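Inspection log for the structure reproduced underneath, given as structure tokens.
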Amino acid sequence: MNNLSKYLILMTIIGSSLVSVAAIGGTRLKISVPFEGKSEIDIQVMPGNSARLVLEGGALSISLQDGKTQDLFSGMVKEERLFGQWGLHFDDFNMDGYQDFAVDISYGYGGVNVFSDIYTFNANTGRFEKILEEVSNIQADPSTKTLRTSMKSGPRYISENYRFTNGKPYKYSKQLVMFNGLDLVTIFDEPGNAIRKLVVDPADNEAGSGEFQPAVRKVLTKRAWLYKSANDNAKTRSYLIEGDEVEIHDAAGDQYEWLKIHFKAKKKTIIRWMKAENLLEEGF
């Protein structure tokens, strides 16, 4: 638990009745407030510095310590709110020691996907800045200094991990659930270029740590033909035999019916594509 945990978020709902709710800040707190009327939420940004969020109708603004106000957005529609209420999260999302917040913007799959905008406090300017838009199901992980997101897309789940440089986020990895307990992972550099792909066993890889290891499988068929690319026309004269062990480094095809494998031979590592049916016991 970080130093912010001892500070309070005080929520005052102004309407036909007055209600006050106190909760610990900096501990992945999520709250909902009515869309109608006016709601004010006081947060302790850091020792000696507080701010007040004001939600009224479809508008959100924040009053700062210096008496100035930031108008963050307006025109939110009640019908876009889950259960007709504002949803807010309070946490140190970029893990720089200051209290941040996120606002739920939209929803999918009946509330399974909750998309939020994230605002972090910039100590140099004394203002809040929106650092990410419409990221889903956010969760800060201080142990790995990673912000995790996840969403359901069709029959599959996708997660993305963000890391920070000087408080600014960049997408470090994207993880897609495939089949047979395997995930396809893409690693990015800070400019956003994909620099590595591999297929992993989620149980063998700590999410967010970045220490991904490729899944290892044995050939199940008597003869598994190797291909130069994920294409039936790229078949080579080489093949592996039942029991040969390979690492899986990529996947292709609408149903991921192709897998890119690394096979360590006596003198070199063979890198080729193989049909997934040669390595996986069940269908997709």
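The values are calculated or read from the model by the stated rules, or taken from the named source; none is laboratory data. Keep in mind the model is a prediction, meaning the values are calculated, not measured. Virtual Cβ from ideal backbone geometry, glycine too; neighbours counted across all protein chains shown.
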Checklist entry - Within region 41-54, is there a residue that is at pLDDT below 75 and part of a loop (DSSP other than H, G, I, E, B)? => result no
Checklist entry - Identify, please: which residue in region 255-269 is surrounded by 15 or more Cβ atoms within 10 Å (Cβ to Cβ) and of a type in the set (A, V, I, L, M) and is, among those, nearest to Gln175 (Cα to Cα)? => result Leu259
Checklist entry - Within region 59-75, how many residues turn out to be in contact with a Phe, Trp or Tyr (Cβ under 9 Å, 6 or more places away or on another chain) and in contact (Cβ under 8 Å) with a residue 24 or more places away in the chain? => result 5
Item to check | Filter result for the condition that a residue is closer than 18 Å to Ser32 by Cβ and not β-branched (Val, Ile, Thr), over Gly97, Gly87 | outcome: Gly87
Next on the checklist: Out of everything in region 90-111 that is in a strand (DSSP E or B) and not hydrophobic (A, V, I, L, M, F, W, C), what residue ends up being nearest to Thr146 (Cα to Cα)?
Outcome noted: Asp91
Checklist outcome for this item: The residue that is nearest to the chain's Cα centre (by Cα), considering only those in region 71-87 that are assigned to a strand (DSSP E or B) and either at pLDDT below 85 or surrounded by 15 or more Cβ atoms within 10 Å (Cβ to Cβ) (or both), is Gly87
Next on the checklist: Cβ-Cβ under 6 Å, sequence separation 6+ or interchain: first residue in region 24-38 and surrounded by 15 or more Cβ atoms within 10 Å (Cβ to Cβ), partner modelled with pLDDT of 75 or more and among the basic types (Lys, Arg). Which pairs?
Outcome noted: Phe35/Lys78; Phe35/Arg81
Next on the checklist: Please determine whether any residue of region 114-136 is over 12 Å from the mean Cα position of the chain (by Cα), of a type in the set (D, E, K, R) and more than 25 Å from Thr69 (Cα to Cα).
Outcome noted: no
Item to check | Residue in region 239-254 that is surrounded by the most Cβ atoms within 10 Å (Cβ to Cβ), counting only those that are within 34 Å of the chain's Cα centre (by Cα) and without any contact (Cβ under 8 Å) to a residue 60 or more places away in the chain | outcome: Val246
Next on the checklist: Suppose we filter region 225-252 for residues that are closer than 18 Å to Lys264 by Cα, assigned to a strand (DSSP E or B) and not charged (D, E, K, R); how many remain?
Outcome noted: 11
